[in-house]
Amino acid sequence: MSFGAALRGRFGDRVLEHAPLAPLTTFRVGGPADCLVETRGAAEVLDALRLARAHGVPVTLLGGGSNVLISDLGVRGLVVRPRGGVIEAAGDAAVRADAAVTINGLVRWLIGHGRSGLEAWAGTPGTIGGAIVGNAHFGGALIGEHVVEVRLATPDGSAADVAAAEMGFGYDRSRLQTSGEIVLSVLLRTGRGEPAALRAAARTSLAYRKRTQPLDAPSAGCIFQNPDPARDRLPDGVPWSAGALVERAGLKGAAIGGARVSPAHGNFIVNDGGATAAEIRALIDRCRETVARRFGVALRDEIVYLGSFQ
Ligand SMILES: Cc1cc2nc3c(=O)[nH]c(=O)nc-3n(C[C@H](O)[C@H](O)[C@H](O)COP(=O)(O)OP(=O)(O)OC[C@H]3O[C@@H](n4cnc5c(N)ncnc54)[C@H](O)[C@@H]3O)c2cc1C
């Protein structure tokens, strides 16, 4: 039986071939997936992984598509996009959330249940699964600091709980970036808080984002990681900020085709409408090369590239 037939046998008409991926990303660019399936719950993710493994088909996970640049050529093999998801209290001091739960949905649930910890993350796009992969950060805090353990699937479709200490969390880093494992769900530590106070903290975060980020145009958030004092050297007086380096290199507002460095935030590239992934990638390379020439700093990607780029 072909892979397509086997997949349809399990997921029916939820299997889409040559499925456009651009609308599933916040950048709104990129070509199609050979095959896309939207899963509901861990059992379906595991079944999709096992079928792909049995047919030798590569698998790519897509969460909220808010930290990726998908190639104009699209993604070969199977793209699995977990959807929906459940949040459950795990005693008084923790909650379990499926990978597909959005960060904003989780923040709302926690606030409504008088649980503190993640209220400052209000307004972060994407899913909790994607946030674990890149160890998302806000205001100096890392999402990994709230994690008790993560339920992971190996690419062959078996699941195991992994303690936070084993996750290889660092700034913009987790072991998932190299292991090929998949997040099924996350157990997060929570405190207690008054919903009104938590809501006020969430509003403060949202207002900060509105003030500092170009939220009116498609983007994927920050393109580059901030420089690392342990690895990088900066000229005196230059802030440890990728956005500031891009700005000081005179690149705010620089454009290639429909891709533009946001005039509001040097670490955001926005799709002015009709940008291709190749144009965005070329602008990223121009920023990296100019900053390296001017300041001697090699900016590292925060964004993830899916599919092939020349
Ligand atoms: C306007 C804007 C503001 C942003 N602000 C912030 C911010 O303040 N802080 C911050 O850290 N980020 C920020 N981001 C980036 C983004 O929101 C986060 O990185 C988010 O956590 C990504 O989640 P996602 O579900 O969209 O992941 P995706 O973009 O879908 O995927 C990212 C990576 O994770 C992989 N992946 C996704 N789900 C899984 C899974 N279940 N198992 C295994 N791998 C998986 C993908 O294959 C890909 O490699 C911002 C983005 C935008 C557009």
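In the set (1) closer than 20 Å to Pro239 by Cα; (2) surrounded by fewer than 18 Cβ atoms within 10 Å (Cβ to Cβ); (3) at pLDDT 95 or above, Glu302 fails one condition alone, (2). Number of residues in the stretch 86-111 that are surrounded by fewer than 21 Cβ atoms within 10 Å (Cβ to Cβ), of a type in the set (Gly, Ala, Ser) and either more than 16 Å from the ligand (Cβ to nearest atom) or in a loop (DSSP other than H, G, I, E, B) (or both): the value is 5.
With respect to Val57, is the statement that it is over 23 Å from Ile128 (Cα atoms), of a type in the set (Val, Ile, Thr), touching a Phe, Trp or Tyr at 6+ places or on another chain (Cβ under 7 Å) and outside the structural domain of Ala259 (by TED's automatic domain parsing) true? Against the criterion (over 23 Å from Ile128 (Cα atoms), of a type in the set (Val, Ile, Thr), touching a Phe, Trp or Tyr at 6+ places or on another chain (Cβ under 7 Å) and outside the structural domain of Ala259 (by TED's automatic domain parsing)), Val57 qualifies. Do the conditions hold for Pro58, that is, is it under 19 Å from Leu306 (Cα atoms), away from the ligand (no atom under 14 Å from the Cβ) and more than 15 Å from the chain's Cα centre (by Cα)? Spelling it out, it is not the case that Pro58 is under 19 Å from Leu306 (Cα atoms), away from the ligand (no atom under 14 Å from the Cβ) and more than 15 Å from the chain's Cα centre (by Cα). For the stretch 205-228, give me each residue that is out of contact with any Asp or Glu (no Cβ under 8 Å at 6 or more places or on another chain) and surrounded by 13 or more Cβ atoms within 10 Å (Cβ to Cβ). Matches in the stretch 205-228: Leu206, Tyr208, Arg209, Gln213, Pro214, Leu215, Pro218, Ser219, Ala220, Asn226, Pro227, Asp228. Scanning the stretch 153-171 for residues that are closer than 23 Å to Ile303 by Cα and touching a Ser or Thr at 6+ places or on another chain (Cβ under 8 Å) gives Met167, Gly168.
Every condition in (1) touching a Leu at 6+ places or on another chain (Cβ under 9 Å); (2) modelled with pLDDT of 95 or more; (3) surrounded by fewer than 19 Cβ atoms within 10 Å (Cβ to Cβ) is met by Asn135 except one, and the failing one is (3). Go through the residues of the stretch 149-171 one by one and say whether even a single one is touching a Pro at 6+ places or on another chain (Cβ under 8 Å), surrounded by 14 or more Cβ atoms within 10 Å (Cβ to Cβ) and more than 19 Å from Glu88 (Cα to Cα). Looking through the stretch 149-171, none of the residues is touching a Pro at 6+ places or on another chain (Cβ under 8 Å), surrounded by 14 or more Cβ atoms within 10 Å (Cβ to Cβ) and more than 19 Å from Glu88 (Cα to Cα). Tell me whether the stretch 187-195 contains one or more residues that are farther than 22 Å from Ala90 by Cβ and under 19 Å from the mean Cα position of the chain (by Cα). No, there is no match, as no residue in the stretch 187-195 is farther than 22 Å from Ala90 by Cβ and under 19 Å from the mean Cα position of the chain (by Cα).
Taking (1) in a loop (DSSP other than H, G, I, E, B); (2) more than 10 Å from the ligand (Cβ to nearest atom); (3) without any contact (Cβ under 8 Å) to a residue 24 or more places away in the chain in turn, Ala160 satisfies each apart from (1).
The values are calculated or read from the model by the stated rules, or taken from the named source; none is laboratory data. Just so we're clear, the structure is a prediction, and the values are computed from it rather than from any experiment. Counting neighbours? That spans all protein chains shown, and the Cβs are built from the backbone with ideal geometry, glycine included.
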